[in-house]
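Below: one structure, written as structure tokens.
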Amino acid sequence: MDIINQLPDRLLFAIPKKGRLHEQCISLLKGADINFHRHNRLDIALVKNLPLALIFLPAADIAKFVGDGNVDLGITGQDMVEECEVSDKIDEIMELGFGHCKLQVQVPIKSGINKVEELVGKKVVTSFDVLSSKYFSQLDKDNLTDKEKDEGKKTKIEYVSGSVEAACALGLADGIVDLVETGETMKVAGLHAISTVLETQAILIRNKNPANPYLVSKITSRLKGVIAAKKYVLLNYNIIRDNLREATKITPGRQAPTISPLDDGNWVEVQSMVVKEEVAEIMDKLEEIGARDIMLFKIDNCRV
């Protein structure tokens, strides 16, 4: 990546190069009008309309690169920030609303183990050895006897880089710690969760001393707009003035609804941003109080 040293005038933005976060990150960038073309097999892409360069890295490395100041901005999981122990070196700008997972302790269903305390002193395999060591260190402290501690007994944490769910079936471990999205893979492997170490999602992070704070703020604003647009829709309807107060209680908007008079002085038009997940119920309530011509509009981008 010697080319990075030739980009002194560009802000460096690290993006997961593959995996569960990659496609959603690309969609987010496109929604924010960050235009780039990535050549095959190249992990650097120059943005066409901003002084920005995208650096495609493994998600597990991004937190460290941002924390060490190698890149200015990055998208990764909250779990990666904790695993790399760089919380004090980065600023978490915002949660991005995708990549939701749980870092869970899983054991074979057939083992009969139902409480995480039953794994104390046994062997656990994971790709998250830092978080797992911290978690089981506290469990060891709380559950091992003084005699067992004096004898050096403790839960053994062993690192593997992938296929963690196969460890128990292969006889390598009594339990595992791994990221779980839906849990289907774990069920197929004959495992079930007995504890959650951490709940995580994708986040935007920055180095505490970015090269271009103004550009960081600009990109952040754009990404917030895309995320808000996915969360909200624009509702437009007509309501008789006598019912306007009740209607605006149903659709208060983020700040306040926009109200416009109609030619018929007894009626007004109302526009309001509403949460997408609640829109069906909101439309039902508006119809019940006499709202008419209720229309829904998709929001592609916005500033809130």
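The values are calculated or read from the model by the stated rules, or taken from the named source; none is laboratory data. Remember, predicted model here, so these are calculated numbers, not experimental data. Note: ideal-geometry Cβ built from the backbone for every residue, glycine included; neighbour counts use all protein chains shown. Only protein heavy atoms, including side chains, enter the accessible area calculation; ligands, DNA and RNA are left aside. Shrake-Rupley method; radii C 1.70, N 1.55, O 1.52, S 1.80 Å.
The residue that is surrounded by the most Cβ atoms within 10 Å (Cβ to Cβ), among those in the stretch 211-242 that are aromatic (F, W, Y) and over 30 Å from R10 (Cβ atoms), is Y237.
I'm trying to understand the selection: among the residues of the stretch 200-236, which are assigned to a helix (DSSP H, G or I) and in contact with a Phe, Trp or Tyr (Cβ under 8 Å, 6 or more places away or on another chain)?
Here is the first cut: in the stretch 200-236, the residues assigned to a helix (DSSP H, G or I) are 213-231.
Residue satisfying the conditions is I219 alone.
Within the stretch 279-295, one or more residues are part of a loop (DSSP other than H, G, I, E, B) and of a type in the set (A, V, I, L, M, F, W, C). For the stretch 243-268, a residue qualifies if it is in contact (Cβ under 8 Å) with a residue 24 or more places away in the chain, open to solvent by 50 Å² or more (accessible area, probe 1.4 Å) and either among the β-branched types (V, I, T) or outside any strand (DSSP E or B) (or both), and the qualifying residues are E246, R254, L262, N266.
For S133, the requirement of being surrounded by 12 or more Cβ atoms within 10 Å (Cβ to Cβ) and not in a strand (DSSP E or B) is met.
Report whether or not V197 is part of a helix (DSSP H, G or I), touching a helix residue (DSSP H, G or I) at 6+ places or on another chain (Cβ under 6 Å) and among the β-branched types (V, I, T).
Working: part of a helix (DSSP H, G or I): no; touching a helix residue (DSSP H, G or I) at 6+ places or on another chain (Cβ under 6 Å): yes; among the β-branched types (V, I, T): yes.
Considered against the rule, which asks whether it is part of a helix (DSSP H, G or I), touching a helix residue (DSSP H, G or I) at 6+ places or on another chain (Cβ under 6 Å) and among the β-branched types (V, I, T), V197 comes out as no.
Go through the stretch 167-185 and report how many residues are outside any strand (DSSP E or B), open to solvent by less than 50 Å² (accessible area, probe 1.4 Å) and modelled with pLDDT of 90 or more. Break it down stepwise before answering.
Start the filter on the stretch 167-185 by keeping residues that are outside any strand (DSSP E or B), which leaves 167-174, 181-185.
Applying the additional criterion that residues be open to solvent by less than 50 Å² (accessible area, probe 1.4 Å) yields 167-168, 173, 183.
Going one step further and asking which of them are modelled with pLDDT of 90 or more, we end up with 173.
Total meeting the criteria: 1.
Summed over the stretch 90-116, residues that are in a helix (DSSP H, G or I), touching a strand residue (DSSP E or B) at 6+ places or on another chain (Cβ under 9 Å) and open to solvent by 80 Å² or more (accessible area, probe 1.4 Å) total 1.
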